[in-house]
1. Which of the residues that make up segment 1-22 are open to solvent by less than 80 Å² (accessible area, probe 1.4 Å) and either in contact with a Phe, Trp or Tyr (Cβ under 9 Å, 6 or more places away or on another chain) or hydrophobic (A, V, I, L, M, F, W, C) (or both)?
2. Just checking, how many residues over segment 23-57 are open to solvent by 70 Å² or more (accessible area, probe 1.4 Å) and either in contact with a Pro (Cβ under 7 Å, 6 or more places away or on another chain) or not aliphatic (A, V, I, L, M) (or both)?
3. In segment 13-57, what residues are part of a strand (DSSP E or B) and either over 11 Å from the mean Cα position of the chain (by Cα) or without any contact (Cβ under 8 Å) to a residue 24 or more places away in the chain (or both)?
4. Would you tally the residues in segment 58-74 being in contact (Cβ under 8 Å) with a residue 40 or more places away in the chain and open to solvent by less than 50 Å² (accessible area, probe 1.4 Å)?
Amino acid sequence: LPFQALPVLFKHWLKNEEVEEGGTAMLHCELTKPDVPVEWRKGDTVLQPGDKYDIRQEGTRVELVIYDAEAQDA
């Protein structure tokens with residue numbers, strides 16, 4: 001029998017995070033399905049892991065860590 005999978009939804013949405021300039025910001029959300037590929041974006045730019053960003057995913061929880069936060073990261 002063919003079936004349609006349920007869509008992936010946000011269980012917990014992102015919340016605004018305040019951090020002092022030069023500090024580390026951590027954004028996280030929770031999805032309804034585990035291990036689903038997620039893209040973090042700022043405008044049209046897809047963020048990639050590196051010195052500035054760390055992207056973590058464990059099960060349904062997805063995190064973006066922004067190091068050395070600047071005003072332009074808002």
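The values are calculated or read from the model by the stated rules, or taken from the named source; none is laboratory data. In this text the structure is predicted, and so the values were computed from the model without any measurement. Cβ atoms come from the backbone with ideal geometry, glycine included; neighbour counts cover every protein chain shown. Note: areas computed on protein heavy atoms with side chains; ligands, DNA, RNA excluded. Shrake-Rupley method; radii C 1.70, N 1.55, O 1.52, S 1.80 Å.
1. Selection gives A5, V8, V19.
2. 15
3. Selection gives A25, R41, T45, V46, Y53, D54, I55, R56, Q57.
4. Residues in segment 58-74 being in contact (Cβ under 8 Å) with a residue 40 or more places away in the chain and open to solvent by less than 50 Å² (accessible area, probe 1.4 Å): 5 in total.
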